[in-house]
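Student: Just dropping this structure here.
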Amino acid sequence: MSTKVTIKLIEAIRQDRSKGFMPAEIAARYGVPVDRVRHLTRDIKPTKRVFLEDRSEEILLLVGQGLSQREIARRLGVTSSAINKALARMEWKVAA
C-alpha cells in the first residue's frame, strides 16, 4: 500500500533528492513508488554525496552480519557495484 502524496510530502521528497539521496532511498523512507519519486524530482540535479563518509560504518556492520553485497545494496537503496567500490576503497584506506 502506498502513502498518499501530499504537498508536505512532495516538499520533503524534493528536499531529500536535492541533498543527494537516491530515488530508491527516498521511496523506501516515505513509502511511495520509485517512479513517483523520479517524476516528482525530475528537474532536480542532486548534489554529489561522499558515499564512504556517510555509510562506511553501516556497510561494515552489514558485512559483519554476513550479508552479501547484493543484500547490502538492496538495504541501502544503491547498486551492488557501489557497494563493491565502497568496500574496495575501504580496503585501500586500511592498507595505507
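Student: Could you please let me know if LYS48 is at pLDDT below 90, closer than 30 Å to LYS8 by Cα and in contact with a Pro (Cβ under 9 Å, 6 or more places away or on another chain)? Spell out the reasoning first.
Tutor: Working: at pLDDT below 90: yes; closer than 30 Å to LYS8 by Cα: yes; in contact with a Pro (Cβ under 9 Å, 6 or more places away or on another chain): no.
No; evaluated as a whole, the condition is false for this residue.
Student: Kindly evaluate LEU61 against the criterion of being surrounded by 11 or more Cβ atoms within 10 Å (Cβ to Cβ) and at pLDDT 90 or above. Before you say what the answer is, go through the steps one by one.
Tutor: On the way: surrounded by 11 or more Cβ atoms within 10 Å (Cβ to Cβ): yes; at pLDDT 90 or above: no.
So LEU61 does not fit the description; no.
Student: Check off (1) at pLDDT below 90; (2) surrounded by fewer than 14 Cβ atoms within 10 Å (Cβ to Cβ) for LYS8 and give me the number that stays unchecked.
Tutor: For LYS8, the failing item is (1).
Student: Here's something else I'd like to know. Of the residues that sit in segment 22-40 and are outside any helix (DSSP H, G or I) and surrounded by 17 or more Cβ atoms within 10 Å (Cβ to Cβ), which one is modelled with the highest pLDDT?
Tutor: Here is the first cut: in segment 22-40, the residues outside any helix (DSSP H, G or I) are 22, 31-33.
If we keep only those that are surrounded by 17 or more Cβ atoms within 10 Å (Cβ to Cβ) too, we end up with 22, 32.
Details: MET22: 83, VAL32: 92.
Applying the filter and picking the extreme gives VAL32.
Student: A further question follows. For a quick check of your reading of the model, give me the residue pairs whose first member lies in segment 30-44 and is without any contact (Cβ under 8 Å) to a residue 12 or more places away in the chain, whose second is not in a loop (DSSP other than H, G, I, E, B), with beta-carbon atoms closer than 7 Å and at least 6 apart or on different chains.
Tutor: Note: pairs meeting the criteria are VAL34/PRO23; VAL34/ALA24; VAL34/ALA27.
Student: Of all residues in segment 1-21, how many are within 26 Å of ILE72 (Cα to Cα), part of a loop (DSSP other than H, G, I, E, B) and among the hydrophobic types (A, V, I, L, M, F, W, C)? Can you show your working first?
Tutor: At the first step, the residues of segment 1-21 found to be within 26 Å of ILE72 (Cα to Cα) are 1-3, 12-21.
From what is left, the residues that are part of a loop (DSSP other than H, G, I, E, B) are 1-3, 19-21.
Within this subset, residues satisfying the condition of being among the hydrophobic types (A, V, I, L, M, F, W, C) are 1, 21.
Here the count works out to 2.
The values are calculated or read from the model by the stated rules, or taken from the named source; none is laboratory data. Nothing here was measured: the structure is a model prediction, and the numbers come from that model. Here the Cβ is made from the backbone with ideal geometry for all residues, glycine too, and neighbour counts use every protein chain on show.
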